[in-house]
Amino acid sequence: MSIRGKAHIAGVYEHPARDLPDHSVQQIHAECAIGALADAGLSVRDVDGFFSTGQLGFGGVSLTEYLGLNPSYIDGTFTGGSSYLAHVGHAAAAIAAGKCRVALITQGAKVRGVIRGAKHTADTPEFPFETVYGETNAGIYALAARRHMHEFGTTAEQLAAVKVAASEYAQFNPHALLRKRVTVEDVVNSPMIADPLHRLDCCVVTDGGGAIVVVSPEIARSLNRPLVSVLGHAEAIKHSGLGPNDLTSTGATASAPRALAEAGVALSDIDYASIYDSFTITVIMTLEDLGFCKKGQGGAFVASGALGLDGVIPVNTDGGGLCNNHPGYQGGLVKIVEAVRQLRGEATPQTQVRDCKLAIAHGTGGGMLRQASVSLVLGRSDA
Amino acid sequence: MVDIKTRLPTPEPFISPETRPFWTAAKQGRLDLPFCKSCNHPIWYPKAFCGACGSLDVEWRQVSGEGKIYSYTQVHRGEGPYRDVENYVLALVDIDEGARVLTNIVDADPASLTIGQRVRVVFHEAGDAAALPRFVPAK
Ligand SMILES: [Zn+2]
């Protein structure tokens with residue numbers, strides 16, 4: 001069974017705030033839920049499927065109570081920042097199987113100003129062997145970046161080109177945390193976080209979140225909104241459980257071909273890509289692994305201007321996690337929202353891809369020692 | 001606690017009965033890894049299960065403690081116990097018996113390190129029941 005065309009994204013919402021000191025996390029979820037349902041022309045009473053990471057309170061149950069939902073289907077998949085891409089795929093499968101008809105996916109996060117402490121170790125089997133050495137997200141991606149440089153000759157300036165491209169888009173996004181255009185020199189001269197990654201190679205840290213409403217075809221037809229079809233979805237988990245994990249490739253090598261096959265489209269048909277950008281190196285490796293360029297050529301590819309509106313593949317036209325928004329260290333939901341905006345023709349006018357019919361959104365959850373890659377192929381209803 | 005020579009924190013690891021042999025061996029100056037008795041696979045991170053063949057039959061074996069650097073970084077923004085450390089080297093080391101382990105490289109000028117460089121294990125006391133395996137450049 002394929003999910004191709006069996007479910008549609010009817011509503012999306014990205015919380016406009018990036019700093020929410022006086023909100024509770026559940027309030028953020030609620031504001032996002034209402035925003036996405038209003039976008040779809042639906043209400044909380046219509047929701048019969050609920051999807052969240054289950055990180056708040058008693059899994060997803062706490063939020064169903066807070067929101068007053070009465071779902072016949074609940075999913076609490078947590079794969080880090082890629083969770084929300086998984087949720088869309090799972091929602092489409094649940095709808096295709098008749099388990100629910102209106103699936104609500106919400107994210108809420110509040111991390112600004114919170115000093116990250118030692119990671120919880122007692123209930124996570126791998127952490128005791130990592131946190132004692134001062135493991136950080138940036139440190140792990142720095143290990144990947146240095147190895148990528150070693151194997152393929154990637155340079156700090158090429159990494160910086162990813163941030164420059166993001167900032168070119170972010171200048172047009174009134175909600176972006178960082179709207180200032182930056183140069184390659186700005187990036188390589190910013191403070192070193194974990195070499196070779198500078199501060200401007202790292203994503204922003206924001207509060208906020210968003211929500212997505214996925215509906216069955218008959219509900220979709222009853223709504224007065226431009227429809228975005230869920231065409232393909234695939235997941236791949238990469239870890240060291242079978243032996244040493246390489247740090248220069250991502251699970252996209254496995255998830256992207258399956259998602260594209262389910263959608264029945266070729267990568268060359270894709271008009272826009274939302275690509276997880278926790279760090280600049282994440283984008284370079286993912287572009288290679290999705291197949292937009294050959295393995296090892298990602299640095300030269302991004303430095304050629306390929307990510308711009310007139311480039312080979314416009315990427316992260318909202319400014320991405322590097323400039324716009326990366327709520328709670330999880331950028332996956334915002335990636336879907338921008339892909340939907342592009343397919344509806346509702347992106348910021350200066351960043352709208354002309355006649356955008358097909359998009360891919362790709363999430364990388366976790367880090368480079370272990371990760372959950374999720375690829376999602378979305379299309380305009382006439383695609 | 002802090003290792004006096006390197007000034008690096010030596011946080012006490014979380015130890016369970018499943019992983020205690022690893023930390024006890026390190027405390028005694030040995031690097032022991034679990035190996036699968038069915039398929040001989042070296043298991044990392046330490047656990048009582050072989051993911052390569054699905055076996056619960058594993059045994060602890062001492063390994064050489066020698067290896068080479070797969071990748072490394074000088075971290076300038078530590079978190080948790082490392083928050084006040086100005087900088088330190090985080091690395092992945094491929095030990096000769098076939099495990100790729102996250103660790104620190106100590107007693108070395110970070111600018112002198114290279115991928116592929118030979119390193120050997122040292123142990124830094126971390127509480128009463130464990131020591132942290134770290135690595136130094138091999139002579
Ligand atoms: Zn085995």
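Any read-out appearing in this document is the output of simple, stated calculations on the displayed coordinates, not a laboratory observation. Only a predicted model underlies this, so the values are computations on that prediction, with no experimental measurement involved. All Cβ positions, glycine included, derive from the backbone under ideal geometry; neighbour counts span all protein chains shown.
The strands (runs of 3 or more DSSP E) found entirely in segment A:177-242 that carry 2 or more residues being touching a residue at least 12 places away in the same chain (Cβ under 8 Å), over 23 Å from A:Pro16 (Cβ atoms) and in contact with a Lys or Arg (Cβ under 6 Å, 6 or more places away or on another chain) are A:228-238. Within segment B:104-132, the set of residues being surrounded by 13 or more Cβ atoms within 10 Å (Cβ to Cβ) and acidic (Asp, Glu) comprises just one member, B:Glu125.
The strands (runs of 3 or more DSSP E) found entirely in segment B:1-96 that carry 2 or more residues being within 13 Å of the chain's Cα centre (by Cα) and either within 15 Å of A:Val132 (Cα to Cα) or within 16 Å of the ligand (Cβ to nearest atom) (or both) are B:88-95.
Of the helices (runs of 4 or more DSSP H) entirely within segment A:1-97, those holding at least 1 residues that are more than 27 Å from A:Arg112 (Cα to Cα) and among the charged types (D, E, K, R) occupy A:25-40.
For segment A:309-323, state whether one or more residues are surrounded by fewer than 24 Cβ atoms within 10 Å (Cβ to Cβ) and touching a strand residue (DSSP E or B) at 6+ places or on another chain (Cβ under 9 Å). Break it down stepwise before answering.
Filtering segment A:309-323 for residues surrounded by fewer than 24 Cβ atoms within 10 Å (Cβ to Cβ) gives A:309-313.
This time we only want the ones that are touching a strand residue (DSSP E or B) at 6+ places or on another chain (Cβ under 9 Å), so: A:313.
Checked segment A:309-323: at least one residue is surrounded by fewer than 24 Cβ atoms within 10 Å (Cβ to Cβ) and touching a strand residue (DSSP E or B) at 6+ places or on another chain (Cβ under 9 Å).
Within segment A:72-95, is there a residue that is free of Cβ contacts under 8 Å to residues at least 24 places away in the same chain and either surrounded by fewer than 20 Cβ atoms within 10 Å (Cβ to Cβ) or among the β-branched types (Val, Ile, Thr) (or both)? No, there is no match, as no residue in segment A:72-95 is free of Cβ contacts under 8 Å to residues at least 24 places away in the same chain and either surrounded by fewer than 20 Cβ atoms within 10 Å (Cβ to Cβ) or among the β-branched types (Val, Ile, Thr) (or both).
Scan segment A:132-163 for residues that are at the interface with chain B (Cβ under 7 Å from one of its Cβ atoms), touching a helix residue (DSSP H, G or I) at 6+ places or on another chain (Cβ under 7 Å) and part of a helix (DSSP H, G or I) and the total you get is 0.
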